[in-house]
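Shown next, in structure tokens, is the structure this report addresses.
Since every read-out is calculated from the coordinates, none of them should be taken as a lab result. Keep in mind that this is a model prediction, so the values were computed, not measured. Cβ placement follows ideal geometry from the backbone for every residue including glycine, while neighbour counts extend to all protein chains displayed.
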């Protein structure tokens, strides 16, 4: 049976070529169906890949804990509100967060200062941030060249690429060079590729070393990474509760009952917090990530700081599911209509070629030979339609993606799927005509005019 | 004496059309020896077509026995009959039945496509070209039927009937679509073929002039053989023009 394939394929192509216009029109349903399938898969996987990509690159699982209170601080309540001026956060707060709250992947205590750095005979003004080695994991840094420092009290530093350009020149490898900050010499251990915020223009040094050189005991901020992005909001709430307790802002017993609306306003009742907790989801949303989808999410979620990634992903999923459902119904309808078209044209073709079938049977074709011949013709018809649809689908996926600003991704597997579906349609809708042809009586068939 | 190619004994064929039973053959007994050129004549409705369908293994007998090359084929399945047609019988039809827009060679190859074991493509083509050569059509091998004359088309069909080296050629009104002159040429081709290969030929016609080419003429009427006699004056093959000269 399979050794007959080349002959059958040749016969099929010849017969389809005989009525080109008819063949093309018959294929139309399959072409549209396959194009819709491909576009659907392209949009679906594109959206998913995009969300996943944003999670890892932008660090949407990150929670910032900062000293001071921007919203309710001020002289009237005796809480310092300016960034860098508040001294309420201490390293022990970080340790308590790690040991007291579940679902935390890593934390990094942090201080930062803007000052002059000197190296290579150049002095430039830059942002210096003290961090823990875990900071590199939190932001998925790739350090190249060089490596992340491993101790929070060493005299090593990680430098952003733009700062490298300013001090050493474009493309120079600064690893091993010495850089001086506030009379402390650091050896440059690596260059970060960090894109987030101003990572590219900053110098990162171990936080304990920086604390010592600044002569401070407090932290400006603690960066917390949740193990799962969707838990950011829950963890943020727990951090608030924990810190209120540690800072004596509220008694432990009524903490949970109070952590509602007022808590999110920067404190409980009359007592303002002396710290600020923020999730990064809100920030990420406003930073042009996945813009139209984000806008959709924003419109549906009134409280920005409540947006967890899970909710955002859910919203995106809903949007992309709607799109997918729409395309799936177009695809389904076109494929069924296309299949019926194929069945119809195969029946016409069999009627036209009844004598040919009779002749083939008279010369020894078995029922199976005839069935296979017409089945292969139907499948050839639908697969050629599928290939044209594939081309159209690549184009329309691109077009839809471009016009909606929706990311698309067409994998080899999805192309295979589209062609597979086309072949399946040919097989299903070609079976009945093929069977009818195979059951013809050779005498009757030869007698047909 | 060699075994007969065809051996029929009291063959009956009854079609049931609703409540009516049509007795197409009412008891035909017939032996045909290898190398005979038998022409079967009869008016339309006489049962000659039914007889030909049974001889061609396209249809089965209702009663009686039919042996082809000493093998009883009366009760074979559809698939088994297809195999027998493929190996042992070559058909020539009134309307040629060539596939359009398909070269002469490919048309001749058709029976080979259904041979088991499978014949490789190269061998198929060789066999087809050899059969066309026998019919003097080597120079028309790549022509489509529409580019050939009626006589040439029928000779392509004869090449197709021959290609699988059957023991029997069954021709059903092979000259019916041809003018008299071309019809005579085709008949001459069949005579030459029998002369050179010793193949058995059974030809069905309603024209007495065509029937006269046979070495044995059988008349059939109302489903029965009414006369069966040797033809003492078959046309003499040597008078024919050479095949290559036939247009």
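What ranking do A:217, A:231 get, fewest neighbouring Cβ atoms within 10 angstrom at the top?
Listing A:217, A:231 from fewest to most nearby Cβ atoms yields A:217, A:231.
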Fewest-first sequence of A:417, A:359 by Cβ atoms within 10 Å of each Cβ: A:417, A:359
For the peptides B:4-11, A:418-425, what is the packing order when you average, over each peptide's residues, the other Cβ atoms within 10 Å and list the highest mean first? A:418-425, B:4-11
Given the options B:212, B:131, B:157, which has the most mean-square fluctuation in a GNM of chain B, springs set between C-alpha atoms less than 10 angstrom apart? B:212
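Within a 10 angstrom radius of each residue's Cβ in A:352-361, how many Cβ atoms of other chains show up on average? Whole number is fine.
Values: counts 0, 2, 0, 4, 6, 0, 3, 12, 7, 6.
For peptide A:352-361, the averaged partner shielding equals 4.
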Between the alpha-carbon centers of the stretch A:147-182 and the stretch B:56-118, tell me the distance in whole angstrom. 88 Å
So how do B:179, A:274 line up by other beta-carbon neighbours within 10 Å, fewest first? B:179, A:274
What angle do you read, to the nearest 10 degrees and between 0 and 90, between the alpha-carbon axis of helix B:150-162 and the longest principal axis of chain B? 70 degrees
Length added when fully stretched, residue A:187-residue A:9, from 0.36 nm per residue minus Cα-Cα: 57.1 nm
Calculated FRET efficiency for the pair residue A:336/residue B:229, C-beta based, R₀ 60 Å, to 0.05: 0.40
Suppose R0 equals 35 Å. What FRET efficiency, 1/(1 + (r/R0)^6) with r the Cβ-Cβ distance, do residue B:130 and residue B:44 give to the nearest 0.05? 0.40
Pairing the Cα long axis of helix B:104-113 with the longest principal axis of chain B, what angle in degrees results, from 0 to 90 and rounded to the nearest 10? 50 degrees
Which FRET efficiency value, to the nearest 0.05, is calculated for residue B:31 and residue B:75 with the Förster distance at 25 angstrom and r the Cβ-Cβ distance? 0.80
Say we join alpha carbon atoms closer than 10 Å with springs in a Gaussian network model of chain B; which of B:15, B:213, B:114 then has the biggest fluctuation? B:15
With a ≥ b ≥ c taken as the square roots of the eigenvalues of the C-alpha gyration tensor of the stretch B:52-160, please select rounded if a/c is under 1.5 and otherwise prolate if a/b is larger than b/c or oblate if it is not? prolate
Relative to the longest principal Cα axis of chain B, at what angle does helix B:180-197 sit, 0 to 90 degrees, rounded to 10? 90 degrees
Anyone know which of B:100, B:166, B:34 comes out most mobile in the 10 Å Cα GNM of chain B? B:100
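When the helices in chain B are scored as -39500 (n - 2.57) per DSSP H run of 4 or longer and the sum is shared across all residues, what 222 nm value do you end up with, to the nearest 500 deg cm²/dmol? Don't skip to the answer; put the middle values down first.
Working: 7 runs with 78 residues, N = 247.
Helix-only estimate at 222 nm: -9500 deg cm²/dmol.
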